[in-house]
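These notes concern the structure reproduced below.
The values are calculated or read from the model by the stated rules, or taken from the named source; none is laboratory data. Small disclaimer: the values here were computed from a predicted structure and weren't measured. Neighbour counts run over all protein chains shown; Cβ positions are idealised from the backbone, glycine included. Accessible surface areas use protein heavy atoms only, side chains included; no ligands, DNA or RNA. Shrake-Rupley method; radii C 1.70, N 1.55, O 1.52, S 1.80 Å.
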Amino acid sequence: RVVETSNQGTKLILDGYYDSNNDGIIEESDKMTYGTNCTLCTVINEESFVNWVSNSNETEKNKLVSTTWYRGDNFNYGDNYKDNLESTSNPYVGRIGLIRLGEVLYSQSETILSKNHTANNSSDNTKIYWTAPPANNTDAWGVTSYSSAGSSKITNLFSVRPVIMISPDVQITSGNGTFNSPYQI
């Protein structure tokens, strides 16, 4: 799903969760910890994860723009999400990032709620997943099954919804970004 477009490219969030073997079942082995100083931010940029995002296709990998992603400052309950979106604190560089609180589509999507349109919409079909902002040295923010943001221990195992930036010269030719109609670029 499109999060934003800029002169850097188009930012897209996966309309689903990381699923290492693409079987449609999010096992514990598909979940990750946020880790100290967002070790997750490094793990999602390792070659195996980049290969998963690009289907190990070199042409597709080349469409991913390495960019600076920002986790932002420590975010607390009651803070203004706009401050997080405008923050350039805690940067990391890579081809894959995490969505920030307040960005479009950070909650659970209809595709996720309906298990790729195979069930009635229900929060029971969702997984908690990590977002970029830290809360403090021991906690970070995730999106709960009920689409609200919540602070959790960085050692917890949660799902991941990767965010990518594709080159500005890459155009989306078809699809609507859903599981059943992925973007063709």
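Would region 107-124 turn up any residue that is modelled with pLDDT under 95 and under 25 Å from Glu47 (Cα atoms)? Working first, answer last.
From region 107-124, those modelled with pLDDT under 95 are 107-124; that's our starting set.
Those still in the list that are under 25 Å from Glu47 (Cα atoms) too: none.
Within region 107-124, none of the residues are modelled with pLDDT under 95 and under 25 Å from Glu47 (Cα atoms).
Taking region 9-24, which residues are among the hydroxyl-bearing types (Ser, Thr, Tyr) and under 15 Å from Gly177 (Cα atoms)? If you could, list the steps in order and put the result at the bottom.
Our first condition is that a residue be among the hydroxyl-bearing types (Ser, Thr, Tyr); within region 9-24, this holds for 10, 17-18, 20.
Matches in region 9-24: Thr10, Tyr17.
Would it be correct to say that Asn22 is at positive phi and either in a loop (DSSP other than H, G, I, E, B) or open to solvent by 40 Å² or more (accessible area, probe 1.4 Å) (or both)? Steps first, please.
Working: at positive phi: yes; either in a loop (DSSP other than H, G, I, E, B) or open to solvent by 40 Å² or more (accessible area, probe 1.4 Å) (or both): yes.
Yes, satisfied.
Can you name the number of the only condition in (1) outside any strand (DSSP E or B); (2) surrounded by fewer than 17 Cβ atoms within 10 Å (Cβ to Cβ); (3) of a type in the set (S, T, N, Q) that Asn45 fails?
If we test Asn45 against (1) outside any strand (DSSP E or B); (2) surrounded by fewer than 17 Cβ atoms within 10 Å (Cβ to Cβ); (3) of a type in the set (S, T, N, Q), just (2) comes out false.
This table checks each residue for (1) closer than 13 Å to Gly16 by Cα; (2) open to solvent by 80 Å² or more (accessible area, probe 1.4 Å); (3) within 17 Å of the chain's Cα centre (by Cα).
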position: Tyr70; (1), (2), (3): no, no, yes
position: Asn80; (1), (2), (3): no, no, no
position: Glu86; (1), (2), (3): no, yes, no
position: Gly94; (1), (2), (3): no, no, yes
position: Gly97; (1), (2), (3): no, no, yes
position: Gly102; (1), (2), (3): no, no, yes
position: Ser114; (1), (2), (3): yes, no, no
position: His117; (1), (2), (3): yes, yes, no
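For residues in region 1-15 being surrounded by 20 or more Cβ atoms within 10 Å (Cβ to Cβ) and part of a loop (DSSP other than H, G, I, E, B), which is nearest to the chain's Cα centre (by Cα)?
Applying the first criterion (surrounded by 20 or more Cβ atoms within 10 Å (Cβ to Cβ)) to region 1-15 yields 10-15.
When the remaining residues are screened for being part of a loop (DSSP other than H, G, I, E, B), the result is 14-15.
Numbers: Leu14: 6, Asp15: 9 Å.
Step by step, filter region 1-15, then rank; the result is Leu14.
Can you pull out every residue in region 25-36 that is touching a residue at least 60 places away in the same chain (Cβ under 8 Å) and either of a type in the set (Val, Ile, Thr) or in a loop (DSSP other than H, G, I, E, B) (or both)?
If we filter region 25-36 for residues that are touching a residue at least 60 places away in the same chain (Cβ under 8 Å), which is where we start, we get 26, 28, 30-36.
Hits for region 25-36 are Ile26, Lys31, Thr33, Tyr34, Gly35, Thr36.
Read through the list (1) open to solvent by 20 Å² or more (accessible area, probe 1.4 Å); (2) under 17 Å from Ile26 (Cα atoms); (3) under 13 Å from the mean Cα position of the chain (by Cα), then give the number of the only condition that Tyr129 fails.
Condition not satisfied by Tyr129: (1).
Of all residues in region 132-171, how many are touching a residue at least 24 places away in the same chain (Cβ under 8 Å) and closer than 15 Å to Val65 by Cα?
Going through region 132-171 one residue at a time, the tally reaches 8.
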